[in-house]
Amino acid sequence: MVTPDPRAEAVPLLCPSDQLGRCARCQQTCQRYGVGGNPLCVACLAAVGKAQQKGAGG
Ligand SMILES: [Zn+2]
């Protein structure tokens, strides 16, 4: 089980700064543009993905 670190507000800058933006859901800095960019940060993507997997079994 992964516990979010309250100090880990800054995400690793693995992409050019001009591709960074604010997450549409939690407003934290994430890669929004360019290859691999997404309007949602990784955490929100995971949350939304789970919500969309209704009836997927398991
Ligand atoms: Zn987010």
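A few remarks follow.
- Sorted by Cβ density within 10 Å, fewest first, the residues 22, 32: 22, 32
- Residue list for the stretch 25-47, given a label point 7 angstrom along the Cα-to-Cβ vector of residue 53 and an amide N cut-off under 15 Å: 43-47
Coordinate-derived values only; no laboratory data. Predicted, not measured: the structure shown is a model, and the values here were computed from it. Note that each Cβ is placed from the backbone with ideal geometry, even for glycine, and that neighbours are counted across all protein chains shown.
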